[in-house]
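The numbers here are math on the coordinates, done by the rules we state, and not lab data. The model shown is predicted, which means the values in this text are computed figures rather than measured ones. Cβ placement follows ideal geometry from the backbone for every residue including glycine, while neighbour counts extend to all protein chains displayed.
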Amino acid sequence: MRYLKIIVILLSVSLIGGCSNLKLLAPESFGLSPITHNIYVEDGADEGTKAKLRGAIEEAESAIRATYGDVKSRPSVYACISEDCYKSFGGMGSRAKVYGDRILLSPRGLNWHFLAHEWSHAEMSTRLTFTAWWRMPQWFDEGVAVAISEAPEHSESHWQFLVVANIPRPTREELHTFKSLRQWLDAVHRYGEDKNIERKAKGEPEIRPVYATAGHELRPWLAKVGSHGLLAFIARLNGGEEFESAYQTANIAVERDTPQAALPLATRPSP
Ligand SMILES: [Zn+2]
């Protein structure tokens, strides 16, 4: 079942963005070399970059554990130190990508924030049955990843900046309509998140209204339900419950069934 998920992810992303990501199946044939059994770095990377990557992976794992309680996924990591490498594996425009249990990092995404974001997607898909994963809305998966990653680009302070600057952003109701990957990507385009290179060139601040709104929605939800509530929610989805029903009642279920589980997420140890 796990392999079916990975094949579906690789094929669906390939249909959207070309087949370059299929090269990750044979990274050593395309200029990446292993530094451990599941970490690959572009040839030519110096020791400092490799050490930075190892540290970022440790920190990202710690963030996943703090939210999910433990870590069930062991994604392979493919780190590019040049933009050409990133593009050759299908990574256009973004800083990092995940294909099932394979995380591709651009030179700009070589830090724990982007690793934790993509790792959260891998962790979520590992914990869900194929049916539950297929039905999970993209906005929720992204919102959890944004909250875990603590990336400044998607932070609560960025959301506040968007509000103060009156920059258009999705309403809560609209956010909940971004269910498929295509709907999510269309929203990212509609709200101008794919125009940041042009914005930067003009000296304007970069904006990420869709990702920031997903994080703004999920941060208080995750803080309320805690790791225990998140796992109970995942179990209910795996049991066949509809997403919206499980999402809307997760807070209530935590308070009613296990008051002690309403504690905030475990504090992540400092690096
Ligand atoms: Zn994401």
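Structure above, values below:
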{"read-out": "Over the chain, relative contact order from alpha-carbon pairs under 8 Å, at least 6 apart, %", "value": "17 percent"}
{"read-out": "Fraction of antiparallel bridges per DSSP, the chain only, in percent to nearest 5", "value": "55 percent"}
{"read-out": "Helix-only [θ]222 nm of the chain, DSSP H runs n ≥ 4, -39500 (n - 2.57) each, per residue, nearest 500", "value": "-17500 deg cm²/dmol"}
{"read-out": "Ascending count of other beta-carbon atoms within 10 Å, so fewest first, for 155, 180", "value": "180, 155"}
{"read-out": "Ranking of 136, 92 by count of other Cβ atoms within 10 Å, fewest first", "value": "92, 136"}
{"read-out": "Computed FRET value (nearest 0.05) for residue 223 with residue 180, which takes r as the C-beta separation and R₀ as 25 Å", "value": "0.35"}
{"read-out": "Using alpha-carbon coordinates, inclination of helix 181-190 to the longest axis of the chain, degrees", "value": "80 degrees"}
{"read-out": "Environment charge of residue 244, counting only residues whose C-beta is closer than 11 Å and scoring Lys/Arg +1, Asp/Glu -1", "value": "0"}
{"read-out": "Residue order, fewest to most beta carbons within 10 Å, for 126, 67, 131", "value": "131, 126, 67"}
{"read-out": "GluC sites (Glu not before Pro), loop per DSSP, at most 13 other Cβ atoms within 10 Å - longest free stretch of the chain", "value": "1-205"}
{"read-out": "Segment 153-262: trypsin sites (Lys or Arg not before Pro) in DSSP loop, at most 13 other beta carbons within 10 Å", "value": "202"}
{"read-out": "Cβ-defined net charge surrounding residue 55, 14 Å radius [Lys, Arg +1; Asp, Glu -1]", "value": "-1"}
{"read-out": "In order through segment 78-86: 3J(HN,Hα) via Karplus (6.51 cos²θ - 1.76 cosθ + 1.60), integer Hz, x for Gly, Pro", "value": "10, 9, 9, 9, 10, 5, 4, 4, 4"}
